[in-house]
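Everything below concerns the one structure shown next.
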Amino acid sequence: MNNKYSLPKDGGLIAESTPRDIIHRYEKIHTTVYENEYLGVQYVADTIVKAIRTYNELHCSNEVYEEQQPFVLGLTTGRTPLGLYRELVKRHKEGLVNFRNVAVFSLDEFYPIRSTEQQSRNFRIHEDFLNHIDILPENIHIPDGTISEDKVSEYCASYDHSVRKIDLMIIGVGEDGQIGFNEPGSYAKSRTRLVQLTHNTRKIQSGAFFGLDYTPKLAITMGIDTIMRADKIILMAWGEEKAQIIQKVVEGEITTQVPASNLQAHPNIEVVIDENAAQLLTREQTPWLVGPCKWTPKFTRKAVVWLCGVVQKPILKLTYKDYIENSLGELLEQGRAYDQINIDVFNDLQHTITGWPGGKPNADDSTRPVPSNPYPKRIVIFSPHPDDDVISMGGTFIRLVQQGHDVHVAYETSGNVAVHDDVVLQNIDTARELGYGNHYAEVEKIIAGKKKGEPEPRPLLDLKGAIRRAEARA
């Protein structure tokens, strides 16, 4: 969590000397960007600890707490808050905070599901956080995934009524803009209720349930209006996979298709993200629209390529007027005329094109994108799935091999558990048709014997692993 998996910055907005109002002028929610998740987590943990201490100082004396008046903390589950929970547990063990006067309301729960199932929100929030602090059992409130269907509506109304006041709500955001399980289309006045999960949400969650077929189709969730009752809200997001939705939530319009965009109407909300999640915000993507910038060659190239897209012109056709009318006048103040900038960027891009992707040995590499030495190079190609490497960069792959480099491929898929059951049966059926054995019924029986929420049988995983390795070799 303390590592920063991103390239170093090269140029960009000069934030130190730029007024805060200018930096945030495109943002409809106050957003704080930290270099990495670790620093963001420290800030959120500081905020929670300070809020609990301040509340206790105002409402408690001599460690005798007023009845029915604990500090109310709203919490989410999933991957986003894991680092925060570890940090809060650490601070609790160090004696920096106690939770005896804290009540917790969890945001959502799958339905139907038992609290003893490892995939349940109830199990996870206990395992990751609540079991390690001194919170009172009666102050823990988590939606019950075992309520019968005929009583679930009444139960949701009761749960919503119990969430009368939340002092601080900590939430994440889904890739489609969900907060809790409020899917796209959720209305702003929605309350705690039973909802149907979209196919995409179930697909994302299916890894924990050992397949889409075993993933719940329903969930209980606080509504958008329930969440908006909180006195203060902090929305956290980490990683580049959240960049697109963060841009929509922070800078876009309020729409039912992005449920988290409703948070723009909250009077006391803050978005806390890392640099990877912030990369599509205007201040990161096109900082010349925001304020003064440091104009390095690489940053200049980024701005000029962006300008080409805006005015729909090739680089060498860009004019002085194009630069001025599109907020790049500051670039023209750096000592070069617009036409010289065009030529420099054109040449820079031209020198990125090569028939020697690993570098040409015994050659002048001063204008080549890859140095000639060392040769040969050891090269690792990262591919999301077997065959993606060939589809996306097959020509480069072949050249690297033909030119004598030591080439390796790392497939970024989940190995055997990512192979679907129907693919297994398809491969076994092919082997049967070719006369290499008839084990179709045997494999079919293994698949039929799978149990919800339990790991897949080892013989099935072995088959799936063999299929994945064969795909990689092919």
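The values are calculated or read from the model by the stated rules, or taken from the named source; none is laboratory data. None of these values were measured; they are calculated from a predicted model. Neighbour counts run over all protein chains shown; Cβ positions are idealised from the backbone, glycine included. Ligands, DNA and RNA are excluded from the accessible area calculation, which covers all protein heavy atoms including side chains. Shrake-Rupley method; radii C 1.70, N 1.55, O 1.52, S 1.80 Å.
Identify the residue in the stretch 121-130 that is without any contact (Cβ under 8 Å) to a residue 40 or more places away in the chain and hydrophobic (A, V, I, L, M, F, W, C) and, among all such residues, is surrounded by the fewest Cβ atoms within 10 Å (Cβ to Cβ).
Among them, the one singled out is Phe123.
Does Gln69 qualify as being modelled with pLDDT under 95, under 23 Å from the mean Cα position of the chain (by Cα) and not basic (Lys, Arg)?
No.
In the stretch 234-350, which helices (runs of 4 or more DSSP H) lie fully inside it and hold 3 or more residues that are out of contact with any Cys (no Cβ under 9 Å at 6 or more places or on another chain) and among the acidic types (Asp, Glu)?
Here the list reads 338-350.
Restricting attention to the stretch 436-469, which residues are open to solvent by less than 70 Å² (accessible area, probe 1.4 Å) and without any contact (Cβ under 8 Å) to a residue 24 or more places away in the chain?
Gly437, Tyr440, Val443, Ile446, Gly449, Pro457, Ala466
Looking at Arg378, is it more than 30 Å from Ile446 (Cα to Cα), open to solvent by 50 Å² or more (accessible area, probe 1.4 Å) and in contact with a strand residue (DSSP E or B) (Cβ under 9 Å, 6 or more places away or on another chain)?
Judged against the criteria, Arg378 is a match.
Specify the residue that is surrounded by the most Cβ atoms within 10 Å (Cβ to Cβ); the eligible residues are those in the stretch 421-435 that are among the aliphatic types (A, V, I, L, M) and farther than 14 Å from Leu460 by Cα.
Ala431
Of all residues in the stretch 99-120, which are touching a residue at least 40 places away in the same chain (Cβ under 8 Å) and open to solvent by 30 Å² or more (accessible area, probe 1.4 Å)?
Hits for the stretch 99-120 are Pro112, Gln118.
Among the candidates Thr296, Thr300, single out the residue that is polar (S, T, N, Q) and surrounded by fewer than 18 Cβ atoms within 10 Å (Cβ to Cβ).
Thr296
Considering (1) loosely packed, with under 13 Cβ neighbours inside 10 Å; (2) farther than 27 Å from Gly359 by Cα, say which one Gly404 fails and leave the rest.
Among (1) loosely packed, with under 13 Cβ neighbours inside 10 Å; (2) farther than 27 Å from Gly359 by Cα, the lone unmet condition for Gly404 is (2).
Looking only at the stretch 356-370, count how many residues are open to solvent by 70 Å² or more (accessible area, probe 1.4 Å), over 20 Å from Met393 (Cβ atoms) and either touching a Ser or Thr at 6+ places or on another chain (Cβ under 9 Å) or in contact (Cβ under 8 Å) with a residue 12 or more places away in the chain (or both).
3
Give me a count of the residues in the stretch 337-396 that are hydrophobic (A, V, I, L, M, F, W, C) and within 30 Å of Tyr320 (Cβ to Cβ).
Total satisfying the criteria: 7.
Cβ-Cβ below 6 Å, separation at least six or inter-chain, first residue in the stretch 17-46 and closer than 18 Å to Lys232 by Cα, second open to solvent by less than 30 Å² (accessible area, probe 1.4 Å) and at pLDDT below 95: which pairs?
Within 6 Å, no pair qualifies.
Before we move on, is Leu281 in contact with a Phe, Trp or Tyr (Cβ under 8 Å, 6 or more places away or on another chain) and of a type in the set (A, V, I, L, M)?
So Leu281 fits the description; yes.
Residue-by-condition table, conditions (1) small (Gly, Ala, Ser); (2) more than 37 Å from the chain's Cα centre (by Cα):
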residue	(1), (2)
Val305	no, no
Val310	no, no
Tyr323	no, no
Ile343	no, yes
Ser372	yes, yes
Lys377	no, no
Val380	no, no
Asp389	no, no
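Looking only at the stretch 26-38, which residues are in a strand (DSSP E or B), within 16 Å of Leu263 (Cα to Cα) and among the β-branched types (Val, Ile, Thr)?
Scanning the stretch 26-38 gives Thr31, Thr32.
Out of the residues in the stretch 356-386 that are touching a helix residue (DSSP H, G or I) at 6+ places or on another chain (Cβ under 7 Å) and not hydroxyl-bearing (Ser, Thr, Tyr), which is nearest to Ala410 (Cα to Cα)?
Ile381
List the number of the failed condition for Tyr5; all other conditions in (1) within 19 Å of the chain's Cα centre (by Cα); (2) modelled with pLDDT of 85 or more; (3) assigned to a loop (DSSP other than H, G, I, E, B); (4) of a type outside the set (A, V, I, L, M, F, W, C) hold.
Tyr5 satisfies every listed condition except (2).
Yes or no, residue by residue, for (1) at pLDDT below 95; (2) over 24 Å from the mean Cα position of the chain (by Cα); (3) surrounded by 14 or more Cβ atoms within 10 Å (Cβ to Cβ); (4) not in a strand (DSSP E or B):
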{"residue": "Glu154", "(1), (2), (3), (4)": "no, yes, no, yes"}
{"residue": "Ala157", "(1), (2), (3), (4)": "no, yes, no, yes"}
{"residue": "Met169", "(1), (2), (3), (4)": "no, no, yes, no"}
{"residue": "Asp176", "(1), (2), (3), (4)": "yes, no, yes, yes"}
{"residue": "Tyr187", "(1), (2), (3), (4)": "yes, no, no, yes"}
{"residue": "Ser190", "(1), (2), (3), (4)": "no, yes, yes, yes"}
{"residue": "Arg202", "(1), (2), (3), (4)": "yes, no, yes, yes"}
{"residue": "Phe210", "(1), (2), (3), (4)": "yes, no, yes, yes"}
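What are the residues in the stretch 131-152 that are small (Gly, Ala, Ser) and either free of Cβ contacts under 8 Å to residues at least 24 places away in the same chain or open to solvent by 40 Å² or more (accessible area, probe 1.4 Å) (or both), if any?
Answer for the stretch 131-152, where residues must be small (Gly, Ala, Ser) and either free of Cβ contacts under 8 Å to residues at least 24 places away in the same chain or open to solvent by 40 Å² or more (accessible area, probe 1.4 Å) (or both): just Ser148.
Suppose we filter Val49, Val41 for residues that are farther than 23 Å from Ile246 by Cα, at pLDDT 95 or above and open to solvent by less than 70 Å² (accessible area, probe 1.4 Å); which single one remains?
On inspection, the qualifying residue turns out to be Val49.
Restricting attention to the stretch 114-142, and to residues there that are modelled with pLDDT of 95 or more and β-branched (Val, Ile, Thr), which single residue is farthest from Val104 (Cα to Cα)?
So, considering only residues that are modelled with pLDDT of 95 or more and β-branched (Val, Ile, Thr), the one farthest from Val104 (Cα to Cα) is Ile133.
Test of understanding: among Leu280, Leu331, Leu318, which residue is open to solvent by less than 70 Å² (accessible area, probe 1.4 Å) and either modelled with pLDDT under 95 or under 30 Å from Thr47 (Cα atoms) (or both)?
On inspection, the qualifying residue turns out to be Leu280.
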